[in-house]
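Notes for the one structure printed next.
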Amino acid sequence: MRRQVFSILVENTSGVLSHVSGLFSRRGYNIDSFSAGVTADPRFTRMTIVSSGDELILEQIEKQLAKLEDVVDIKILEPTDSVTRELMLVKISAKDTDRQSVLAISEIFHGKVVDVTRDSMVIEITGHTDKLDSFLDMLSDYQILELARTGITGLSRGTKDVIIIE
């Protein structure tokens, strides 16, 4: 099993999310991560989908996505040729005595404290998925009350495969 990141440029129309997710559910493909947002051109949305499978399944996903009417472009974001990031918010149970050590761990990972109450802290951290996983590992001595992750988003490096639509 291999993980693959698909960056899909689609027309920004109602129902496009349903078409894309329907393709995955009809074929029994799993979505490991999904994020979407309007691009600089409001006519288009960029979806970043992470899926796992063997070579044949991943090829089929790409081919099936290309057949969808709303899909304008598909890129495979290879780790060496792309930049990917994920955002995570973590709410940790933290009394006065814990805050300094949690803050020190957060600073190592360039996390930002975005909320503090008497008994908890919310930390925002962005970066590669491995970085976020390592951060969680370092917090294993603390009680994580809530956790939210956006899923991966990314772009290819350079300009060689940029599509400009007039």
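Computed values, structure above
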quantity: Angle in degrees between helix 55-67 and the longest Cα principal axis of the chain, rounded to the nearest 10; calculated: 60
quantity: Electrostatic dipole magnitude of the chain [Cβ: Lys, Arg +1; Asp, Glu -1; Cα centre; debye, to 20]; calculated: 160
quantity: Residue-wise HN-Hα coupling along region 154-166, computed from phi with Karplus coefficients 6.51, -1.76, 1.60 (Hz; x: Gly, Pro); calculated: x, 9, 6, 7, x, 10, 4, 10, 6, 9, 10, 10, 7
quantity: Kirkwood Rh, angstrom, the chain [1 / mean 1/r, Cα pairs]; calculated: 17.8
quantity: Contact order relative to length of the chain, as percent, for alpha carbon pairs under 8 angstrom and 6 or more apart; calculated: 27
quantity: Residue 146 versus residue 59: modelled label distance in nm, points set 7 Å from Cα along the beta carbon direction; calculated: 4.5
quantity: Signed unit charges on C-beta, dipole axis of the chain, positive-most listed residue 7, 64, 101; calculated: 64
quantity: Long-range amide H partners of residue 94 with built H, under 5 Å; calculated: 120, 121
quantity: Linear extension gain, residue 18 paired with residue 81, 0.36 nm per residue minus alpha-carbon span; calculated: 19.8 nm
quantity: Simple spin-label estimate for residue 113 and residue 66 in nanometres, 7 Å along Cα-Cβ; calculated: 5.1
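Each value in this text was obtained by applying a stated rule to the coordinates, not by laboratory testing. Since the structure is predicted, the reported quantities are computational estimates derived from the model, not experimental observations. No Cβ is skipped: glycine too gets one built from the backbone with ideal geometry, and neighbour counts run over all protein chains shown.
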